[in-house]
Structure formats: C-alpha cells, structure tokens
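Quick notes on the structure that follows.
The values are calculated or read from the model by the stated rules, or taken from the named source; none is laboratory data. What you see is a predicted model; the values in this text were computed from it and never measured. Glycine gets a Cβ as well: all are built from the backbone with ideal geometry, and neighbour counts include every protein chain shown. Remember, those area values only see protein heavy atoms, side chains included, never the ligands or the DNA or RNA. Shrake-Rupley method; radii C 1.70, N 1.55, O 1.52, S 1.80 Å.
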Amino acid sequence: MELSLRERIRAGDPEAFAELFDAHARAVYGHAARLTGDGGAAEDVVSLTFLEAWRLREKLRPEAPAAHSGTAEGESLRPWLYGIATNVLRNTRRTARRHSAALARLPERPADRDTVPDFADALVGRLEDAERLAAARTALGRLPGAEREVFALCVWSGLSYEAAGEALGVPASTVRSRLARARQRLRRLAEAELAARGGRRETVRSTQERNR
C-alpha cells in the first residue's frame, strides 16, 4: 500500500520533504515577511522552519486532525508548518531584543552622530498609501505577541480558527477572542501611528522651508 505524504514525512523520506517545501515554502515566506518586514529575515525563517520540521518529523500526527478531514493532505500540513514558523519567529525576536539591548549598553561614539543620513526628502515625498502600510506595520509590531500571531495566521495567511488553533496549540475559541481584540487594538494603533507620521511629515516640511 502506498504511504501518504504525512507518513512519508514521519519516516524521514527526503523526497516527501522536497514536496512539502515546494508546496509551502512560499506561504511560510509570506507569513514571515509580513511579520518581520524584512525579506532576508523571512528567508532565514523559512530555512529554520523546514530544518526544524525535519528535526520534529516523528512528532507529526500520523493522521490529519478531524477538523481538517475535508481538506487535501498537503493543506492539512500547513498549520503544522505555521506552528513551527511561529516558534522560530518568537526565538528570532528574542534574539533580536537581546542584541538590541547589548548594543544600547555600548557607549556612543561622536562619529555615530555625524554619519546619520538625512531622510527628510524621502519622508516628504512618500505616497499616502505607503504611509498607511508603514503605519499598519508599525501598529502590528506593537500588538501583544499572541494577538499579532493570530492576526497574521487568520487574516494574512487565511487559516481558519481551527487551523490557527492547531498551529498555536490553543482552542479555536481562544483564537477567535484574540483575533477580535487584535482587530480593535490594531485599528486604534494604526490611526494613532498615521496621525503621528502626518505630524512628523509637517515638521520636516516646515524645517525644509525655513532652510531654503
């Protein structure tokens, strides 16, 4: 009897993992890129996610969860990958925070202040749509981690409450409540950030006009 993709992955079949990568690497990359805002970092997350999936292959459930019985087998593996990617992103953020904290303890050198580039022209010329996107991304980064994760999985990556719950290891009802809070909080934060950016843009414009 022919083994399923899930069974082949559990058995460590390299060809099965190649199929898994081809089917889901782009989705994992998009998920990571939206959360990090950094293409290079997202590529690292993809690599680490599939390396970790290989390491954890024997812990993959032998059968797809009942909630996904009506989905294709390849699609039923996506929540498992998103769960791994979520943990990779959490570890990446912790590492980045520790790195930033270490840098903040270093004494500032005069040369650091003298070489800061002037982004005034770029700020003034920024399109409104780009402003809104940047404000939304900044606002998303200010959400509590649990809310940011469910927003990314359900809204951006299109997982159901059940699939997102499987990825995060929480009940679907928890995903639903976190997403509701995330939507409300994100709207307030994005509006506040957009207003702040508008104020900074006016300040830059006024400064440039005085210097002409």
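About its Cα centre, the dipole of region 9-58 is roughly 160 debye, where the only charges are +1 on Lys and Arg Cβ and -1 on Asp and Glu Cβ. Protein-only accessible surface at a 1.4 angstrom probe places the residues 143, 3 in the order 3, 143, largest first.
Heavy-atom accessible surface of residue 55, to the nearest 10 Å², is about 150 Å², with a 1.4 Å probe and all protein chains retained. Residues 48, 20, ordered by accessible area of protein heavy atoms at a 1.4 angstrom probe radius and largest first, appear as 48, 20. Length gained on full extension, residue 51 to residue 177: 42.2 nm, using 0.36 nm per residue less the C-alpha separation. Distance between the modelled labels on residue 18 and residue 38, one decimal in nanometres: 3.2 nm (7 Å Cα→Cβ projection). Going by accessible surface with a 1.4 Å probe and the largest first, 156, 80 read 156, 80.
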